[in-house]
Amino acid sequence: GGLYRYVRHPLYTFSLTFLWLAPRMTLNSFVVYLSLTLYILVGIFFEERKLVRAFGENYENYRSETPMLIPGRRTGWNK
């Protein structure tokens, strides 16, 4: 329910949106944002592995129906 109906990781979606829509971007901030984005994506990989182990087929079904980060998008990273 709630935001989890639209994306599997709404907090990460908000965090990445907040980072990448910053009004100013220097080379240093770009490197930090890129690093944080990679850190979050790796974290999602491990978190989802743990959730599949914990909830099995129920989570697999949820995962197949709900995008990972971008609402309405069902290809690529969202699987």
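The values are calculated or read from the model by the stated rules, or taken from the named source; none is laboratory data. Keep in mind the model is a prediction, meaning the values are calculated, not measured. Glycine also receives a Cβ, built like all others from the backbone with ideal geometry; neighbour counts cover every protein chain displayed. Surface areas here come from the heavy atoms of the whole protein model, side chains and all, with no ligands, DNA or RNA. Shrake-Rupley method; radii C 1.70, N 1.55, O 1.52, S 1.80 Å.
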**Request:** Would you check which residues across segment 1-20 are of a type in the set (A, V, I, L, M) and either within 12 Å of MET68 (Cα to Cα) or within 11 Å of the chain's Cα centre (by Cα) (or both) and list them?
**Result:** LEU3, VAL7, LEU11, LEU16
**Fill in**
Exception for MET25 within (1) at pLDDT below 95; (2) closer than 17 Å to PRO67 by Cβ falls at (2)
**Message:** As an exercise: evaluate GLU48 against (1) surrounded by 13 or more Cβ atoms within 10 Å (Cβ to Cβ); (2) without any contact (Cβ under 8 Å) to a residue 12 or more places away in the chain; (3) among the acidic types (Asp, Glu) and give the number of the one condition it does not meet.
**Reply:** (2)
**Fill in**
Residues of segment 51-61 being closer than 20 Å to GLY1 by Cβ and surrounded by 11 or more Cβ atoms within 10 Å (Cβ to Cβ), in sequence order, are LEU51, PHE55, ASN58, TYR59, GLU60, ASN61
**Prompt:** Of the residues in segment 1-11, how many are open to solvent by 70 Å² or more (accessible area, probe 1.4 Å) and in a helix (DSSP H, G or I)?
**Reply:** 4
**Asked** How many residues are of a type outside the set (D, E, K, R), at pLDDT 65 or above, surrounded by fewer than 13 Cβ atoms within 10 Å (Cβ to Cβ) and in a loop (DSSP other than H, G, I, E, B) when one looks only at segment 62-77?
**Response** 1
**Prompt:** Would segment 21-36 turn up any residue that is outside any helix (DSSP H, G or I), touching a residue at least 40 places away in the same chain (Cβ under 8 Å) and either surrounded by 10 or more Cβ atoms within 10 Å (Cβ to Cβ) or more than 10 Å from the chain's Cα centre (by Cα) (or both)?
**Reply:** no
